[in-house]
Amino acid sequence: MILSRTLAKTRIARGQRPGWLAAWGLVMVDFALVCAYAYAVYALLIGWIRTAQPDGFWVFAAFFLLIFVPAQAVLILSSLWAAKSRWQDSSEGQA
């Protein structure tokens, strides 16, 4: 997310409009990193569930707070910056 945001901000500052793959490819990289993070956290949570055997509420809360919320935050912000970097004002061509 930091890389995609930084690149999008520099592109916006330069007035450069990247192609689809240049903008959304970074979102795909962020998605792959989120999947790797989720896999690592999932392995840790499964170990915790097997040893501690917590109530269902705590299992849900752990998955929600450690996997769902960070994944949504990263992917939404990364997508916003990708869309913002590709934005083209319709009034630019009109005079």
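The values are calculated or read from the model by the stated rules, or taken from the named source; none is laboratory data. Predicted model only: the values in this text are computed from it and were never measured. Using ideal geometry, Cβ is built from the backbone for each residue, glycine included, and neighbour counts are taken over all protein chains shown. For accessibility, only protein heavy atoms count, side chains too; no ligands or nucleic acids. Shrake-Rupley method; radii C 1.70, N 1.55, O 1.52, S 1.80 Å.
Largest first, the residues 17, 50 sort by 1.4 Å accessible area into 50, 17. The distance between label points at residue 33 and residue 17 comes to 2.7 nm (points 7 Å beyond Cα on the Cα→Cβ vector).
For the chain, the 222 nm mean residue ellipticity estimated from helices alone, with every DSSP H stretch of n ≥ 4 adding -39500 (n - 2.57) and the total spread over all residues, rounds to -25500 deg cm²/dmol. Distance from the alpha carbon centroid of the stretch 1-25 to that of the stretch 41-87 works out to 25 angstrom.
Which of the trypsin sites (Lys or Arg not before Pro) found in the stretch 1-31 are loop residues per DSSP with 13 or fewer other Cβ atoms within 10 Å of their Cβ? Write down the numbers at each step before the final one.
Working: sites: 5, 9, 11, 14; in loops: none.
Sites meeting the loop and neighbour criteria: none at all.
GNM remark for the chain: springs join alpha carbons under 10 Å apart, and the peak mean-square fluctuation among 53, 72, 16 falls on 53. Computed from label points 7 Å out along Cα-Cβ, the spacing between residue 73 and residue 10 is 2.5 nm.
The magnitude of the dipole of the chain, with charges of +1 and -1 set on the Cβ of Lys/Arg and Asp/Glu and taken from the Cα centre, is near 320 debye. Students often get this wrong: which residues of the stretch 20-38 have the backbone nitrogen under 18 Å from the point 7 angstrom along Cα-to-C-beta of residue 45? Residues 31-38 qualify, since their backbone N sits under 18 Å from the label point.
Rolling a 1.4 Å probe over the protein chains gives residue 55 an accessible area of about 110 Å². For residue 7, the solvent-accessible surface with a 1.4 Å probe is about 60 Å², rounded to the nearest 10. The fraction of Cα-Cα pairs per 5 angstrom bin, counted from 0 for the chain, comes to 2, 13, 19, 16, 12, 10, 9, 7, 5, 3, 2, 1, 1, 0 percent, rounded to whole percents. Residue by residue, the stretch 29-42 carries 3J(HN,Hα) couplings of 5, 4, 4, 5, 5, 5, 5, 5, 4, 5, 5, 5, 5, 4 Hz when phi is fed to the Karplus relation 6.51 cos²θ - 1.76 cosθ + 1.60 (θ = phi - 60°); x denotes Gly or Pro.
In the context of the full set of protein chains, residues of the stretch 30-80 present 70 Å² of accessible surface per residue (probe radius 1.4 Å, heavy atoms only). Taking the Cα centre of the chain as the origin and placing charges on Cβ (Lys, Arg +1; Asp, Glu -1), which of 54, 23, 42 is farthest toward the positive end of the dipole? With unit charges placed on the Cβ atoms, the residue in question is 23.
Give me the percent of the accessible area of the chain that comes from carbon and sulfur atoms, probe 1.4 Å, all protein chains in place.
Details: 4780 of 6870 Å².
The C+S portion of the solvent-accessible surface of the chain is 70 percent.
Using θ = phi - 60° in the Karplus curve 6.51 cos²θ - 1.76 cosθ + 1.60, the 3J(HN,Hα) couplings for the stretch 45-51 round to 5, 5, x, 5, 5, 5, 8 Hz; x is entered for Gly and Pro.
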